[in-house]
Amino acid sequence: MRAGRYTEALATIAAHDTARLSHDDGGELLILKASAMVGLRDPEAEQTLVEARARAFSSGSPALECEIEYISAFLAWTQGRLDDALNGVDRVLEVSENWPGWVQRPPEGPFFSPSYWRARAYDLRGLTEALCEDYVAQAQSLAKGFEEFDRAQVVDLRVEAAMLANLAVLARDLEEPDLCNYVSDRAQRIAWNDHTALFEYEVYRALAWGRARMGDHLAAFRFFRRSADCAPSLALRVTSVVDRSFLARELGELVTATEDLEYAARLTKSIDWETCSGPERAALFTLAHRIAPCDPKEARRLYDRYLALKSPVSPLEMPASGNRRHRANECAAHAAVLVAEGHRERAISLLRESFQIWSEVGYVWRAATVAVDLAELTGETRFFEVAAREAAKQPHSWLARRVGALAARQPTAVGSSPQG
């Protein structure tokens, strides 16, 4: 099922007669069957969960009870029934291991412990909060999830890595100074492998940007290199190399920046973009964004190639590809291409949209990174002040350098009237 081969999983499960199995094993098998059906969007998944719930209760296992409640909540989440999903999360968290009706078992199993399923439930709550754009609440839910993980006897490495990737993305930009350190410390304790490479890439890319925000450039470059090295696809490696190029350029390392951009551009020529996932396709507009000032025609080709991709992405990618943070990144990239082509007014409009999105979802730092571009293009005081205020909090950051350079080039920016 991890590989998405749900039909094969169902065929394997069908070879077993659940009626002949114990309540424990029968309940677990029905849960696995329901999980595979959820992956296939089978409308009968709910009925299978009803059967699994009956077996789970008969088993007398709090762990199995937690598991079935979690799968039920996850099914509701995939169907967009967010209130039902949150109610399911609450049911997982309400399962008491001290209820006298439970059958006494050894601490180690046969199932993942209730603490493990509570951790998964907090992660699901966080994903629901993310869909509602409450990213601070998501970070808090994930922190509670890791507390439960630390109490569990056995954990699923892949699940822990995925949760840490979710937290790392938040640590990158939210104004929680201890969050980056927490993610970094936890990442060092994970035994990364080929099955967790995607999450390792996401964690270290996010940590690189977080360190860059704080002005710790040596760590940022180190983490960008690690994310590029462990990227499970060429497309994702392109994104990390482009990120590294951007930071090098902002710090005045123009030779390194140019070499990285040229390397990223070469990599794109050997990628079959039609087969790429949504996050992988984002490498096209990321490269277009950064290459635009020096090669507008290539930037336009890359951005148009991104827009031309029509093959569908997985339904489970939709929360990532469909949220407004993704749109804000698209707007900024498109704006950079338009500026390079001389279409200033349209570029300003897109940057305003990007700035508004970041502001509305509470990403103050990201809003400031767009504001500095708007200040340069429009000369508007309010954008300069937003960028300067955030830069003052991180005086060693690349943004502080940009703000200082802009103030030196456009000393009349403060106090100017709106344009564009």
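The values are calculated or read from the model by the stated rules, or taken from the named source; none is laboratory data. Predicted model, so just to flag it, every value in this text is computed and none were measured. Virtual Cβ from ideal backbone geometry, glycine too; neighbours counted across all protein chains shown.
For segment 264-282, indicate whether the set of residues that are in a helix (DSSP H, G or I), over 23 Å from residue 197 (Cβ atoms) and of a type outside the set (Ser, Thr, Tyr) is non-empty.
If we filter segment 264-282 for residues that are in a helix (DSSP H, G or I), which is where we start, we get 264-268, 273-275, 278-282.
Applying the additional criterion that residues be over 23 Å from residue 197 (Cβ atoms) yields 265.
From what's left, of a type outside the set (Ser, Thr, Tyr): 265.
Checked against the condition, which is being in a helix (DSSP H, G or I), over 23 Å from residue 197 (Cβ atoms) and of a type outside the set (Ser, Thr, Tyr), segment 264-282 yields at least one hit.
Consider only pairs whose beta carbons are under 7 Å apart and that are at least six residues apart or on different chains; among these, list those whose first residue lies in segment 341-364 and is over 27 Å from residue 298 (Cα atoms) and whose second residue is among the acidic types (Asp, Glu) and assigned to a helix (DSSP H, G or I).
363/173; 364/390
Consider only pairs whose beta carbons are under 7 Å apart and that are at least six residues apart or on different chains; among these, list those whose first residue lies in segment 377-404 and is more than 15 Å from residue 215 (Cα to Cα) and whose second residue is assigned to a helix (DSSP H, G or I) and of a type in the set (D, E, K, R).
Going by the 7 Å Cβ cut-off, the qualifying pairs are 377/344.
With respect to the numbered conditions (1) surrounded by 15 or more Cβ atoms within 10 Å (Cβ to Cβ); (2) at pLDDT below 75; (3) of a type outside the set (A, V, I, L, M), which one is the sole condition not fulfilled by residue 70?
(2)
For segment 185-208, enumerate the residues that are farther than 16 Å from residue 229 by Cβ and either of a type in the set (Lys, Arg) or crowded, with 23+ Cβ neighbours inside 10 Å (or both).
186, 189
Would you say residue 287 is at pLDDT 95 or above, of a type in the set (A, V, I, L, M, F, W, C), part of a helix (DSSP H, G or I) and touching a Phe, Trp or Tyr at 6+ places or on another chain (Cβ under 7 Å)? Break it down stepwise before answering.
On the way: at pLDDT 95 or above: yes; of a type in the set (A, V, I, L, M, F, W, C): yes; part of a helix (DSSP H, G or I): yes; touching a Phe, Trp or Tyr at 6+ places or on another chain (Cβ under 7 Å): no.
Taking the combined requirement at face value, the residue does not satisfy it.
Scanning segment 145-168 for residues that are under 16 Å from residue 194 (Cα atoms) and among the charged types (D, E, K, R), which turns out modelled with the highest pLDDT?
In this case the residue turns out to be 160.
Can you find a residue in segment 213-231 that is touching a residue at least 60 places away in the same chain (Cβ under 8 Å) and either farther than 23 Å from residue 390 by Cα or under 21 Å from the mean Cα position of the chain (by Cα) (or both)?
There is at least one residue in segment 213-231 that is touching a residue at least 60 places away in the same chain (Cβ under 8 Å) and either farther than 23 Å from residue 390 by Cα or under 21 Å from the mean Cα position of the chain (by Cα) (or both).
Taking the residues in segment 128-145 that are closer than 14 Å to residue 168 by Cβ and touching a residue at least 40 places away in the same chain (Cβ under 8 Å) as candidates, determine which candidate is surrounded by the most Cβ atoms within 10 Å (Cβ to Cβ).
For segment 128-145, the residue satisfying everything is 130.
Restricting the search to segment 150-193, which residues are of a type in the set (Asp, Glu), in contact (Cβ under 8 Å) with a residue 12 or more places away in the chain and more than 15 Å from residue 212 (Cα to Cα)?
At the first step, the residues of segment 150-193 found to be of a type in the set (Asp, Glu) are 150, 156, 160, 173, 175-176, 178, 185.
Subset that is in contact (Cβ under 8 Å) with a residue 12 or more places away in the chain: 156, 160, 173, 175-176.
156, 160 - these are the residues of segment 150-193 that are of a type in the set (Asp, Glu), in contact (Cβ under 8 Å) with a residue 12 or more places away in the chain and more than 15 Å from residue 212 (Cα to Cα).
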